[in-house]
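Just below is one structure, and these are the notes that go with it.
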Amino acid sequence: MDGKTLEAMREALRGPVVGPQDPDYDPARRIYNAMIDRRPAAVVRCADAGDVMAAVDFVREHDLEFAVRGGGHSGPGLCVVDDAVTLDLAPMRWVRVDPVARTARVGGGSLLADLDHATHAFGLGVPAGIISTTGVGGLTLGGGHGHLTRKYGLTVDSLVAADVVLADGGFVTTSESEHPDLFWALRGGGGNFGVVTSFRFRLHPVDTVVGGVTLWPVAQIREVLRWYREFLPQAPEDLNGFFAVLTVPPGPPFPEEIHGHKMCGVVWCRTGDPEAADDPLAPVREPGAPAFHFTAPMPYPVLQSMFDELMPTGLQWYWRGDFFDAIPDDAIDVHAKHAENLPTALSTMHLYPIDGAAHRVDAQDTAWGYRDAMWSGVIGGIDPDPANAQAIRRWCVDYWQDLHPHSMGGAYVNFIGADESHDRVEATYRDHYDRLGGIKHRYDPHNLFHANQNIKPSG
C-alpha cells in the first residue's frame, strides 16, 4: 500500500488508520501470540459497523489483502498478515444485557471479560472459554467451549442472532429466521463468511460457582486419566472439569513445596447450589491421594479470569488440537511420555469435556462437525523466551503426532496449528464441509475472507 492509498483509506473511515510510519504501529500490530511477528500495511481500528462496511469496500475495490482481528488470540496469527490490512474490531467493545429477555448483544471486538462482567451483574452468563482476555468473536465463530459446556452446551448453542458485514460490503442480520443458511455456517464455520460486528446470545443462570483444582504428581498420570475418563462422563452436568498436565506455578493457591513440580490434574467448575450437601468431588482420592486439592465458592468471572496473569499477552505459543471420543490406554501412555518431558514451565496439555448439553444438539443443526466427540484436546508449547520457540514447537508436534492416531481425525478449528494442511480443515467439518463451501460461494464467491482456516467456495 503506497502513501496515497493509505491517506485515501484514512479519509474513507471514521476510526484511525495506523500505518508503518506511525508511532503506535508496533503496539497496533501485536497480538496475543508473540511468536507471530508480522508487519501489516495498515491497521484499521473500526469505530462501528459503518466503518467495517467502508473498510471491506475499500480493500475489495483496491484489491488489497486483509484480515480481521477481534480479541487477537488466534494461535496461528490469522488476524494479521504481512503487507495486508488488519481490520481491528477492538474499539467495538460493548455489551448490552436485557435481563428480562435474558439476552445480551455483544460488540464484535469484545473480550470474554466484557461479556462476563456485564452479564454477571444479573446472575447470568454464556458458556465461553477459560481465559477472560479471549475475544468473543473468534471463540464463538469457531464453536466455543469452556467451563459451562457440560451444563449449557457450546457457545454457538447460545447464539441467537448476529450482525454481519458481507464481502460485497452489505450488512445483514442473521438468525434462525433471517438468512438461516448463513446463521448455520457462522455457528462453527469460523471467519469465512463475513465480519460479525455484533452477536446476540441467550443467557443462562450462573452466579457463584465452586471452582477449584486437584493435582497429582505426573508419575500418577496413568491412574488419574483412567479414573477421569470414567468419572467425568458419569458425573452430574453441573460439574465440569478439564484435565491438564502442567508445571505448578509459584504462587497461591499452591503451597511452596509443590512449586515447579510437574503435575497432572483437573480444573473444576460446579454450578448449582454452592452449599449443597452432596459433594460430587468426593471420589477425587480414588486414583491416589492428590498432592493438592482446593475448591471454593467464587463469582463465575473470578474463575474465568483465574489464568489471565499466568498466560498474559506476549508469550511464545505453538499449539495443535484434536477431538477424542475416548481415552484408551494406548493414548494414556502417550500422555504419560510427553507429560514427563514438558519443555518449559508454561507448556501444557488440556482435555476439555464437550459432552452433556453439547450432545443434545443435533449434528445437523450447526456447522460444528463433532457432536459425538467427548473431549476437545489441545497441546500448547508456551514460553516467554523467543530462544525457546523451536523447542516448544518440536515438543508440541511430537506429542501431537504420537497422539493423533488415537483421535477422531479433526480438531476444534481454533486449535489448528499455523502450518497444518488444508486437509485438517476438511477433517474438522466432516460432511458439513461441502455445505459450507456452497454457503461460502453464495456469500463470498471470490474468497475475499481467506485469512482464516479457509473454506473454499464451491458453486
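The values are calculated or read from the model by the stated rules, or taken from the named source; none is laboratory data. Quantities reported herein were computed from a predicted structural model and do not represent experimental measurements. Positions of Cβ are generated from backbone atoms using ideal geometry, with glycine treated the same way; all protein chains shown enter the neighbour counts. Areas reflect the complete protein model, heavy atoms only, side chains present, ligands, DNA and RNA absent. Shrake-Rupley method; radii C 1.70, N 1.55, O 1.52, S 1.80 Å.
The C-beta contact set for region 407-425 (first residue at positive phi, second residue of a type in the set (A, V, I, L, M, F, W, C) and modelled with pLDDT of 95 or more, distance under 8 angstrom, 6+ apart or interchain) comprises Gly409/Phe323; Gly409/Ala427. Looking only at region 329-377, residues that are in contact (Cβ under 8 Å) with a residue 60 or more places away in the chain, surrounded by fewer than 17 Cβ atoms within 10 Å (Cβ to Cβ) and among the polar types (S, T, N, Q) come to 0 in all.
Please verify whether Val164 is buried (at least 23 other Cβ atoms within 10 Å of the Cβ), at pLDDT 95 or above, in contact with a helix residue (DSSP H, G or I) (Cβ under 6 Å, 6 or more places away or on another chain) and on the phi < 0 side of the Ramachandran plot, treating the condition exactly as stated.
Details: buried (at least 23 other Cβ atoms within 10 Å of the Cβ): yes; at pLDDT 95 or above: yes; in contact with a helix residue (DSSP H, G or I) (Cβ under 6 Å, 6 or more places away or on another chain): no; on the phi < 0 side of the Ramachandran plot: yes.
Taking the combined requirement at face value, the residue does not satisfy it.
Looking at this structure, is Asp83 open to solvent by 30 Å² or more (accessible area, probe 1.4 Å), under 30 Å from Thr5 (Cα atoms) and either touching a residue at least 12 places away in the same chain (Cβ under 8 Å) or of a type in the set (A, V, I, L, M) (or both)? The answer is yes for Asp83. Of the listed requirements (1) within 23 Å of Gly129 (Cβ to Cβ); (2) open to solvent by 50 Å² or more (accessible area, probe 1.4 Å); (3) part of a helix (DSSP H, G or I); (4) not aliphatic (A, V, I, L, M), Tyr228 misses just one: (2). All conditions in (1) more than 28 Å from Pro312 (Cα to Cα); (2) within 26 Å of the chain's Cα centre (by Cα) hold for Asp63, with the sole exception of (2). Restricting the search to helices (runs of 4 or more DSSP H) fully inside region 1-93 and requiring at least 1 residues that are in contact with a helix residue (DSSP H, G or I) (Cβ under 8 Å, 6 or more places away or on another chain) and modelled with pLDDT of 95 or more gives 3-12, 49-61. Note on region 378-393: residues that are in contact with a strand residue (DSSP E or B) (Cβ under 8 Å, 6 or more places away or on another chain) and either open to solvent by less than 40 Å² (accessible area, probe 1.4 Å) or free of Cβ contacts under 8 Å to residues at least 12 places away in the same chain (or both) total 8.
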